[in-house]
Amino acid sequence: MQFLEKTKKSIFSLIILVLLILSFFIFKFALEKEKIYSPKITDNQIYTDFEVTDLIEEKKINFDQILLGKSFYLINIWSSWCEPCKDESDKLLELRKDTRIMMIGINYKDKKKNALNFLKLYGDPFDRIFIDKQGTISINFGAYGVPETFLINEDNKVLKKYIGPLNDKDVYEIKKIINN
Amino acid sequence: MTRMFMKSKKLLTIKTLIVFILISFNFKNISMASTYSEDQTINIAKNLRCLICQGQTIHESNSDFAESMKKYIRGELENGKTNEEIFSSLVEKYGQWIVYDPGISRNTLLLWALPLLLFLIGGAIIVKEIYKKI
(Lines give C-alpha, C1' and ligand atoms only; values in the text may rest on other atoms or scores of the structure.)
Protein backbone atom coordinates (compact mmCIF):
# COMPACT_ATOMS: atom_id res chain seq x y z
CA MET A 1 0.00 0.00 0.00
CA GLN A 2 2.80 2.33 0.97
CA PHE A 3 4.64 1.41 -2.22
CA LEU A 4 1.55 2.35 -4.27
CA GLU A 5 1.34 5.72 -2.54
CA LYS A 6 5.00 6.34 -3.27
CA THR A 7 4.73 5.47 -6.97
CA LYS A 8 1.64 7.67 -7.22
CA LYS A 9 3.58 10.57 -5.73
CA SER A 10 6.58 10.06 -7.99
CA ILE A 11 4.37 9.84 -11.10
CA PHE A 12 2.70 13.08 -10.04
CA SER A 13 6.01 14.88 -9.56
CA LEU A 14 7.25 13.48 -12.87
CA ILE A 15 4.20 14.89 -14.68
CA ILE A 16 4.78 18.29 -13.02
CA LEU A 17 8.44 18.20 -14.05
CA VAL A 18 7.60 17.29 -17.66
CA LEU A 19 5.02 20.11 -17.80
CA LEU A 20 7.55 22.59 -16.41
CA ILE A 21 10.19 21.57 -18.94
CA LEU A 22 7.62 21.72 -21.73
CA SER A 23 6.45 25.21 -20.75
CA PHE A 24 10.08 26.35 -20.49
CA PHE A 25 10.72 25.30 -24.09
CA ILE A 26 7.45 26.78 -25.31
CA PHE A 27 8.35 30.15 -23.78
CA LYS A 28 11.93 29.91 -25.00
CA PHE A 29 10.93 29.33 -28.61
CA ALA A 30 8.03 31.77 -28.49
CA LEU A 31 10.30 34.57 -27.25
CA GLU A 32 12.96 33.82 -29.82
CA LYS A 33 10.45 33.86 -32.63
CA GLU A 34 10.35 36.95 -34.83
CA LYS A 35 7.68 39.38 -33.67
CA ILE A 36 6.43 40.41 -37.09
CA TYR A 37 3.73 38.05 -38.19
CA SER A 38 4.19 36.85 -41.73
CA PRO A 39 1.46 34.56 -42.93
CA LYS A 40 1.87 31.45 -44.92
CA ILE A 41 -0.07 32.41 -47.97
CA THR A 42 -2.55 29.63 -48.59
CA ASP A 43 -3.08 30.68 -52.15
CA ASN A 44 0.19 31.78 -53.69
CA GLN A 45 -1.56 33.48 -56.58
CA ILE A 46 -1.55 37.25 -56.39
CA TYR A 47 -4.86 39.05 -56.90
CA THR A 48 -4.55 41.26 -60.00
CA ASP A 49 -8.06 42.22 -61.01
CA PHE A 50 -8.20 45.81 -59.79
CA GLU A 51 -7.61 49.26 -61.23
CA VAL A 52 -4.44 51.26 -60.59
CA THR A 53 -3.44 54.82 -61.45
CA ASP A 54 -0.03 55.65 -62.89
CA LEU A 55 1.94 58.15 -60.81
CA ILE A 56 3.50 59.97 -63.77
CA GLU A 57 0.78 59.83 -66.45
CA GLU A 58 -2.09 59.63 -63.95
CA LYS A 59 -3.88 57.17 -66.26
CA LYS A 60 -6.01 54.34 -64.95
CA ILE A 61 -5.27 50.76 -65.97
CA ASN A 62 -6.20 47.30 -64.77
CA PHE A 63 -3.28 45.74 -62.89
CA ASP A 64 -3.40 42.45 -64.84
CA GLN A 65 -2.52 44.47 -67.98
CA ILE A 66 0.79 45.39 -66.36
CA LEU A 67 1.93 41.87 -65.60
CA LEU A 68 2.72 40.93 -69.19
CA GLY A 69 5.88 40.08 -71.11
CA LYS A 70 8.39 39.49 -68.32
CA SER A 71 9.51 36.39 -66.43
CA PHE A 72 9.62 38.09 -63.03
CA TYR A 73 7.98 41.07 -61.39
CA LEU A 74 9.18 42.83 -58.29
CA ILE A 75 6.45 44.79 -56.57
CA ASN A 76 7.81 47.25 -54.05
CA ILE A 77 5.56 49.27 -51.75
CA TRP A 78 7.29 52.52 -50.81
CA SER A 79 6.72 56.07 -49.73
CA SER A 80 8.73 59.27 -49.53
CA TRP A 81 8.00 59.60 -45.79
CA CYS A 82 9.23 56.08 -45.07
CA GLU A 83 12.76 56.13 -43.62
CA PRO A 84 13.63 52.45 -44.24
CA CYS A 85 12.67 52.95 -47.92
CA LYS A 86 15.74 55.17 -48.26
CA ASP A 87 17.96 52.34 -47.01
CA GLU A 88 16.68 49.87 -49.56
CA SER A 89 16.80 52.22 -52.58
CA ASP A 90 20.31 51.12 -53.61
CA LYS A 91 19.25 47.45 -53.34
CA LEU A 92 16.36 48.12 -55.71
CA LEU A 93 18.66 49.99 -58.11
CA GLU A 94 20.92 46.94 -58.14
CA LEU A 95 18.01 44.62 -58.94
CA ARG A 96 16.86 46.96 -61.68
CA LYS A 97 19.99 46.07 -63.70
CA ASP A 98 18.53 42.61 -64.36
CA THR A 99 16.37 42.95 -67.46
CA ARG A 100 14.38 39.81 -66.65
CA ILE A 101 12.64 41.63 -63.80
CA MET A 102 9.99 44.28 -64.20
CA MET A 103 10.20 46.68 -61.29
CA ILE A 104 6.80 47.92 -60.14
CA GLY A 105 6.54 50.58 -57.48
CA ILE A 106 3.43 51.14 -55.38
CA ASN A 107 3.57 54.63 -53.93
CA TYR A 108 1.83 54.27 -50.56
CA LYS A 109 -0.17 57.18 -49.03
CA ASP A 110 2.12 59.81 -50.49
CA LYS A 111 2.03 63.16 -52.31
CA LYS A 112 3.11 63.17 -55.96
CA LYS A 113 5.55 66.06 -55.45
CA ASN A 114 7.26 64.36 -52.50
CA ALA A 115 7.37 61.01 -54.33
CA LEU A 116 9.06 62.56 -57.37
CA ASN A 117 11.54 64.39 -55.15
CA PHE A 118 12.37 61.12 -53.41
CA LEU A 119 13.06 59.44 -56.77
CA LYS A 120 15.28 62.35 -57.84
CA LEU A 121 17.24 62.14 -54.61
CA TYR A 122 17.63 58.38 -54.21
CA GLY A 123 17.27 57.19 -57.83
CA ASP A 124 14.34 55.67 -59.67
CA PRO A 125 14.55 51.88 -59.83
CA PHE A 126 11.03 51.39 -61.21
CA ASP A 127 9.67 50.60 -64.68
CA ARG A 128 6.17 51.59 -63.60
CA ILE A 129 4.86 53.36 -60.50
CA PHE A 130 1.27 53.33 -59.34
CA ILE A 131 -0.48 55.38 -56.70
CA ASP A 132 -1.98 53.90 -53.56
CA LYS A 133 -3.45 56.98 -51.88
CA GLN A 134 -5.82 55.07 -49.59
CA GLY A 135 -3.62 52.06 -48.85
CA THR A 136 -6.24 49.74 -50.35
CA ILE A 137 -4.13 48.62 -53.34
CA SER A 138 -1.54 47.24 -50.91
CA ILE A 139 -4.28 45.28 -49.14
CA ASN A 140 -5.05 43.62 -52.48
CA PHE A 141 -1.50 42.25 -52.35
CA GLY A 142 -1.86 41.21 -48.72
CA ALA A 143 0.63 43.81 -47.50
CA TYR A 144 0.95 45.47 -44.08
CA GLY A 145 2.61 48.78 -44.85
CA VAL A 146 5.87 50.21 -46.11
CA PRO A 147 8.36 49.01 -47.18
CA GLU A 148 7.26 45.65 -48.45
CA THR A 149 8.41 43.70 -51.50
CA PHE A 150 6.91 40.82 -53.46
CA LEU A 151 8.71 38.76 -56.06
CA ILE A 152 6.24 37.16 -58.43
CA ASN A 153 6.68 35.06 -61.54
CA GLU A 154 4.93 35.13 -64.92
CA ASP A 155 2.08 32.98 -63.57
CA ASN A 156 1.42 35.68 -60.95
CA LYS A 157 2.64 33.38 -58.19
CA VAL A 158 4.27 34.94 -55.14
CA LEU A 159 7.75 33.43 -54.94
CA LYS A 160 8.96 35.54 -52.05
CA LYS A 161 7.63 38.21 -49.76
CA TYR A 162 9.80 40.63 -47.79
CA ILE A 163 8.38 42.69 -44.94
CA GLY A 164 10.64 45.62 -44.14
CA PRO A 165 13.56 47.02 -46.14
CA LEU A 166 15.52 44.74 -48.46
CA ASN A 167 19.07 43.91 -47.41
CA ASP A 168 22.05 42.37 -49.21
CA LYS A 169 20.97 38.87 -48.20
CA ASP A 170 17.53 39.40 -49.75
CA VAL A 171 19.05 40.74 -52.98
CA TYR A 172 21.28 37.67 -53.16
CA GLU A 173 18.26 35.43 -52.58
CA ILE A 174 16.21 37.16 -55.28
CA LYS A 175 19.10 36.86 -57.78
CA LYS A 176 19.45 33.19 -56.91
CA ILE A 177 15.74 32.53 -57.54
CA ILE A 178 15.89 34.32 -60.88
CA ASN A 179 19.02 32.51 -62.04
CA ASN A 180 17.62 29.07 -61.22
CA MET B 1 -45.94 98.62 -51.64
CA THR B 2 -46.87 96.44 -48.70
CA ARG B 3 -48.69 94.09 -51.05
CA MET B 4 -45.63 93.82 -53.24
CA PHE B 5 -43.47 93.14 -50.22
CA MET B 6 -45.90 90.47 -49.05
CA LYS B 7 -45.85 88.88 -52.50
CA SER B 8 -42.07 88.76 -52.65
CA LYS B 9 -41.99 87.32 -49.13
CA LYS B 10 -44.43 84.61 -50.19
CA LEU B 11 -42.31 83.88 -53.26
CA LEU B 12 -39.22 83.64 -51.12
CA THR B 13 -40.93 81.16 -48.80
CA ILE B 14 -41.98 79.03 -51.78
CA LYS B 15 -38.48 79.18 -53.22
CA THR B 16 -36.95 78.16 -49.89
CA LEU B 17 -39.42 75.33 -49.62
CA ILE B 18 -38.58 74.07 -53.13
CA VAL B 19 -34.85 74.21 -52.38
CA PHE B 20 -35.44 72.39 -49.11
CA ILE B 21 -37.48 69.65 -50.81
CA LEU B 22 -34.85 69.26 -53.53
CA ILE B 23 -32.07 68.94 -50.98
CA SER B 24 -33.95 66.40 -48.93
CA PHE B 25 -34.72 64.40 -52.09
CA ASN B 26 -31.07 64.46 -52.97
CA PHE B 27 -30.12 63.21 -49.54
CA LYS B 28 -32.66 60.46 -49.89
CA ASN B 29 -31.08 59.48 -53.21
CA ILE B 30 -27.62 59.42 -51.68
CA SER B 31 -28.73 57.22 -48.82
CA MET B 32 -30.58 54.94 -51.23
CA ALA B 33 -27.56 54.67 -53.52
CA SER B 34 -25.37 52.98 -50.94
CA THR B 35 -26.60 49.49 -50.25
CA TYR B 36 -24.56 48.99 -47.10
CA SER B 37 -24.56 50.65 -43.74
CA GLU B 38 -21.63 51.83 -41.63
CA ASP B 39 -22.78 49.24 -39.06
CA GLN B 40 -21.91 46.53 -41.54
CA THR B 41 -18.39 47.93 -41.94
CA ILE B 42 -18.00 48.08 -38.14
CA ASN B 43 -19.29 44.52 -37.82
CA ILE B 44 -16.70 43.22 -40.27
CA ALA B 45 -13.92 45.36 -38.75
CA LYS B 46 -14.73 43.99 -35.29
CA ASN B 47 -14.10 40.47 -36.54
CA LEU B 48 -10.73 41.27 -38.10
CA ARG B 49 -7.45 41.28 -36.23
CA CYS B 50 -5.17 44.28 -36.63
CA LEU B 51 -2.06 42.40 -37.71
CA ILE B 52 0.43 45.09 -36.75
CA CYS B 53 -1.13 45.98 -33.38
CA GLN B 54 -1.19 44.00 -30.15
CA GLY B 55 -4.54 42.50 -29.29
CA GLN B 56 -6.70 45.01 -31.13
CA THR B 57 -9.34 44.61 -33.77
CA ILE B 58 -9.35 46.61 -36.99
CA HIS B 59 -12.35 48.50 -35.58
CA GLU B 60 -10.52 49.53 -32.39
CA SER B 61 -7.21 50.43 -33.99
CA ASN B 62 -6.29 53.77 -35.53
CA SER B 63 -3.11 52.45 -37.11
CA ASP B 64 -2.35 53.10 -40.75
CA PHE B 65 -3.02 49.47 -41.58
CA ALA B 66 -6.38 49.46 -39.80
CA GLU B 67 -7.49 52.71 -41.44
CA SER B 68 -6.63 51.32 -44.90
CA MET B 69 -8.45 48.11 -44.06
CA LYS B 70 -11.60 50.03 -43.11
CA LYS B 71 -11.48 51.88 -46.44
CA TYR B 72 -10.93 48.58 -48.22
CA ILE B 73 -13.99 47.04 -46.49
CA ARG B 74 -16.15 50.05 -47.45
CA GLY B 75 -14.96 49.75 -51.05
CA GLU B 76 -15.73 46.05 -51.19
CA LEU B 77 -19.21 46.59 -49.71
CA GLU B 78 -19.84 49.34 -52.26
CA ASN B 79 -18.92 46.82 -54.97
CA GLY B 80 -21.69 44.60 -53.64
CA LYS B 81 -19.52 41.98 -51.91
CA THR B 82 -21.04 40.03 -49.03
CA ASN B 83 -19.45 39.72 -45.56
CA GLU B 84 -18.41 36.14 -46.28
CA GLU B 85 -16.77 37.11 -49.57
CA ILE B 86 -14.78 39.86 -47.85
CA PHE B 87 -13.67 37.54 -45.03
CA SER B 88 -12.61 34.76 -47.39
CA SER B 89 -10.69 37.12 -49.70
CA LEU B 90 -8.81 38.55 -46.70
CA VAL B 91 -8.05 35.05 -45.37
CA GLU B 92 -6.62 34.21 -48.80
CA LYS B 93 -4.34 37.27 -48.61
CA TYR B 94 -3.39 37.31 -44.93
CA GLY B 95 -4.11 33.78 -43.67
CA GLN B 96 -6.51 32.52 -40.97
CA TRP B 97 -4.84 34.72 -38.34
CA ILE B 98 -6.66 37.83 -39.57
CA VAL B 99 -10.11 36.53 -38.60
CA TYR B 100 -11.20 36.16 -34.99
CA ASP B 101 -13.43 33.27 -35.98
CA PRO B 102 -11.17 30.89 -37.88
CA GLY B 103 -12.70 28.11 -39.94
CA ILE B 104 -12.08 24.45 -39.17
CA SER B 105 -8.93 23.26 -40.88
CA ARG B 106 -6.09 20.88 -40.06
CA ASN B 107 -4.26 23.69 -38.24
CA THR B 108 -7.23 24.86 -36.21
CA LEU B 109 -8.72 21.43 -35.42
CA LEU B 110 -7.22 21.36 -31.92
CA LEU B 111 -8.56 24.84 -31.24
CA TRP B 112 -12.08 23.76 -32.13
CA ALA B 113 -11.94 20.29 -30.58
CA LEU B 114 -10.25 21.19 -27.28
CA PRO B 115 -13.23 22.87 -25.55
CA LEU B 116 -15.47 19.94 -26.48
CA LEU B 117 -12.84 17.47 -25.34
CA LEU B 118 -12.36 19.27 -22.02
CA PHE B 119 -16.12 19.41 -21.55
CA LEU B 120 -16.41 15.66 -22.11
CA ILE B 121 -13.51 14.87 -19.78
CA GLY B 122 -14.94 17.20 -17.11
CA GLY B 123 -18.36 15.62 -17.52
CA ALA B 124 -16.89 12.14 -17.23
CA ILE B 125 -15.10 13.09 -13.98
CA ILE B 126 -18.31 14.54 -12.50
CA VAL B 127 -20.35 11.46 -13.49
CA LYS B 128 -17.69 9.20 -12.04
CA GLU B 129 -17.66 11.12 -8.75
CA ILE B 130 -21.45 10.98 -8.49
CA TYR B 131 -21.52 7.22 -9.10
CA LYS B 132 -18.77 6.78 -6.54
CA LYS B 133 -20.90 8.51 -3.89
CA ILE B 134 -23.97 6.43 -4.72
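Of the residues in the stretch A:126-147, how many are within 12 Å of A:CYS85 (Cα to Cα) and either touching a Leu at 6+ places or on another chain (Cβ under 9 Å) or at pLDDT 95 or above (or both)?
1
For (1) touching a residue at least 40 places away in the same chain (Cβ under 8 Å); (2) under 18 Å from the mean Cα position of the chain (by Cα); (3) surrounded by fewer than 21 Cβ atoms within 10 Å (Cβ to Cβ), each residue gets a yes or a no:
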| residue | (1), (2), (3) |
| --- | --- |
| A:ASP90 | no, yes, yes |
| A:LEU95 | yes, yes, no |
| A:THR99 | no, no, yes |
| A:ILE104 | no, yes, no |
| A:ASN107 | yes, yes, no |
| A:LYS111 | no, no, yes |
| A:LEU121 | no, no, yes |
| A:ASP127 | no, no, yes |
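Search the stretch B:93-131 for residues being in contact with a strand residue (DSSP E or B) (Cβ under 7 Å, 6 or more places away or on another chain) and within 14 Å of another protein chain (Cβ to nearest Cβ), and hand back the single one that is surrounded by the most Cβ atoms within 10 Å (Cβ to Cβ).
Ranking the qualifying residues of the stretch B:93-131, first place goes to B:ILE98.
Criterion first (under 17 Å from B:THR41 (Cβ atoms), without any contact (Cβ under 8 Å) to a residue 60 or more places away in the chain and acidic (Asp, Glu)) does B:GLU84 satisfy it?
Criteria met by B:GLU84.
A:ASN117: touching a strand residue (DSSP E or B) at 6+ places or on another chain (Cβ under 7 Å), away from chain B (no Cβ under 14 Å) and either charged (D, E, K, R) or farther than 18 Å from A:VAL52 by Cβ (or both), yes or no?
Answer is no for this residue.
Within the stretch B:74-92, can you find the residues that are out of contact with any helix residue (DSSP H, G or I) (no Cβ under 8 Å at 6 or more places or on another chain), more than 15 Å from A:PHE50 (Cβ to Cβ) and within 13 Å of another protein chain (Cβ to nearest Cβ)?
Selection gives B:SER88 alone.
The values are calculated or read from the model by the stated rules, or taken from the named source; none is laboratory data. From a predicted model like this one, the values you see are computed outputs, not experimental measurements. Glycine gets a Cβ as well: all are built from the backbone with ideal geometry, and neighbour counts include every protein chain shown.
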